[in-house]
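The values are calculated or read from the model by the stated rules, or taken from the named source; none is laboratory data. Because the structure is a prediction, the values reported are computed rather than measured. Keep in mind that these areas ignore ligands, DNA and RNA; they rest on the heavy atoms of the full protein, side chains included. Shrake-Rupley method; radii C 1.70, N 1.55, O 1.52, S 1.80 Å.
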Amino acid sequence: MAKEVFNVTPPGRLSRAKRAELRRQVDQLRRSTDDTGTADGDSRFPAPAAGPLGPGVSTGEYWNWLQVAQPPHQATSHNLAGIYPFVADDGLGHEGPLLGVDLNADVLWHFSPWDLYMNTTAKAALSTNILVIGAYRSGKSGTIKQLCTRSLAFGHQVVVPSDSKGEWVVVAEAVGGQVIALGGENTTARLNPLDRGPRLTGVSDDVDEIMVQGRRRATLTSVIEATIQGQAKLSPMEHTAINWALEHAIRITDDRPTITHVWQALVSPDSDAPGYRPEMESNGERARHVLERFVAGDLQGLFEGESTVAFDPDAPMVVVDTSALFDRSELAAQLTQICTSSWIQAVISDRSAKRTRYLVREEGWRDMATEQALRTYQQWLKLSRHYGVSNIVILHKMSDFDAVGEEGSKERTLAYSIAGDMENKFIFRQNTQEESNLISRLKLSPAHARLAMTLQSGVFLAYVGRFSYIVDAFATSTQWEQGLFKTDDAVEAGSADDQRFPQFVSEPDEPVFDESMLDRLWPTGEPTQFAEQTGHPE
C-alpha cells in the first residue's frame, strides 16, 4: 500500500491584524450550517419530508422527530475497557433460589451459601454464615424471609430459635411449619436447654460425651454470667461448684438433667455425693440465686423442667415464638435467647440428618451477652459447615455490639471479631452516623460505606467471598410474598385510627374508607366530571 505524505509548513510570524482575520474566519465556519440548513449547535431534526408524519407512514418504519445528534466519542483502548459492558459481572450463576436482581450487571441474582461453599471457582465462599445489617424499614427482614421461604423448595429447613417480635410465626404457618410458643397465656410449652440432643454419628462415645458436656456447661455459665453482668465475674471456685452440681444432676437423673436439678444440688448439696466438698454450698451461692429465677421467679414454667415439645425434623420451618417474653425485661430477653438457642443447637447437632438448615438469629447480639456465650457462639459458627447449617445473624447496625461488654473489653472485641469473620455480608441502608463503623469495623471501602447511606428499601450491598454486588431483592417479590413478609402492620393500624383524620374513622364493622369520599378526593374522567363532583371550576 502506497504511503501518503503530508508536508505541513507552519506560517511565518503573522501580524496582529492577520491573526484577527483568521479568528473571524474560524468563527464564521463554526456558525455555518450543515447540509440540512440546521445550525450545528441546535438539536438536529430530520430533513423535511413529504406528509405531516414523514416517510414512516408509507415505509412502515419508525420516524423520530426528536432525534438528537450524538457526537462520536474517542478514547484509548485503556479507557474504553472501563465502559459498562466490559466490566459487568455475570453474577453468581443460577444455583440456589432467586433472591433479586443484580443492579450492576442487570441479571437475576441467585444465592445459596452451600453451593457457593462447594464452588471451585473464584466466586467461592469460605463460609456458609451470613451477617445481615440494616436500619429500620430498610427491607432486611423481608429479604431474609424471602430467601428462606424460596429455599424451602430446594430442601433447606429454616429454624428461628427466638422470634422476639412474632414476625416469623405467620410465615411458618403459611408454609406448614412448626410454631413453638413460649410464655403465652394459652401455652404450657417448656424447653430444657440442658437436653442431650441426638447421638452424634461418626464420633466415638468419648468425643460425643465431651461435646454434650461442654454445651451444657456453656449454657449454665452463660445464663449465670448474663444475670450478674456488671458485677464480678464467676470465680474458679464458683465454676467448680456449678460443674459439680451439673455432674450430680446428670448422675441422679440418668443423664436427663434440668435446671431444677442443678438448682437443688446447689441449695442442698448431698454430702455423700462423689466430689462433694464442704465449701460447695458457699461457692455456689450466686449461681443458686440466679437459677432460682427459672425455678420460682419470672422465668418459671419455661426452662426449668424437661421439654414438653419436640423438634420436628421434617417441618419446612420451625419457629420458637418468644414474643410474649420480650416484654418483661431486656435481661429476660437475653436469658430466653440463650436457652432457646442452646436447645435448638442440641437438637440439630446431628450431621447424619443430611439436612441443610438456615438458623436465623434475630437480634443476634443477644446471643453474645457474655464471654462464655461469645466463645460458644464462635465455636458454633466454626462448626456450622460440619452440621450443614447457615447462621443468619441479623443486626440493625454495627454499634449494636456496643451492648456487649464495656468499651475496650475482651467481650466487645471478640463480638466485633466474630462479625468481621463472617465472609458473606448483606448490608442494607444504614444511618449516617454508622459510616465510620462500616469502614473501621467491617473494613468496607469509603465508597461502599457512603453507598450504604443511600440504599432504597430492599436493596442491599452483598459481599460474597471476594466479590461485591448491589442487589434489589424486592424487584422479584410476588404479591403473596409482599403481604406475608410485611412488618409494618402495627404502624398501619395506628395510622388508620389517627384522630387527625376523623372523617376516615368508621365503626369496626364498617369499611375504613368511604368509596364516595375517595371518588371526591381523587376524581377520574373528564374535567367537566371533576367540576361536577367537587363543585370547583375547571
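Suppose all protein chains stay in the model; what accessible area per residue would a 1.4 Å probe give for region 369-462, in Å²?
On the way: 3760 Å² over 94 residues.
That works out to 40 Å² for each residue.
Can you tell me the Rg and the Dmax, both Å, for the Cα atoms in region 373-451?
13.4, 38
Give me the number: length gained by fully extending L98 to V207, i.e. 0.36 nm times residue separation minus the C-alpha to C-alpha distance, one decimal in nm.
Stretched out fully, the L98 to V207 stretch lengthens by 35.3 nm.
Please list the equivalent ellipsoid semi-axes of region 177-287, computed as the square roots of five times the alpha-carbon gyration tensor eigenvalues, in descending order and whole angstrom.
They are 25, 20, 15 Å, listed from largest to smallest.
In whole percent, and with a 1.4 Å probe on the protein chains, what portion of the accessible area of region 287-416 is carbon and sulfur? Don't skip to the end; give the middle numbers.
Working: 2080 of 4470 Å².
Solvent-exposed carbon and sulfur of region 287-416 make up 47 percent of the total.
Quantify, in whole percent, the carbon and sulfur part of the accessible surface of region 83-223 (1.4 Å probe; protein heavy atoms only).
56 percent
Hey, if we sort E330, E238, E185 by accessible area with the 1.4 Å probe, largest down, what's the order?
These residues rank, largest area first, as E185, E330, E238.
In Å, what Kirkwood hydrodynamic radius results for region 256-306 from the alpha-carbon pair distances?
11.4 Å
Could you give me the ³J(HN,Hα) list for region 388-400, computed from phi with Karplus coefficients 6.51, -1.76, 1.60 and θ = phi - 60°, whole Hz, x at Gly and Pro?
Karplus values, whole Hz, x for Gly and Pro: x, 10, 10, 7, 9, 9, 9, 10, 7, 7, 5, 6, 4.
Tell me the per residue accessible area of region 196-335 using a 1.4 Å probe; a whole number in Å² is fine. Provide the component values of the computation, followed by the final result.
Working: 6430 Å² over 140 residues.
So region 196-335 comes to 46 Å² accessible per residue, rounded to a whole number.
Using the Kirkwood formula over every pair of different C-alpha atoms, what hydrodynamic radius in Å results for region 267-415?
17.8 Å
At q = 0.09, 0.17 Å⁻¹, what is the log10 ratio I(q)/I(0) for region 104-230, with the Debye formula run over Cα points and no solvent?
Log10 I(q)/I(0), no solvent term: -0.45, -1.32.
So if I take the centroid of the Cα atoms in region 310-326 and the same for region 410-429, what is the distance between those two points in Å?
26 Å
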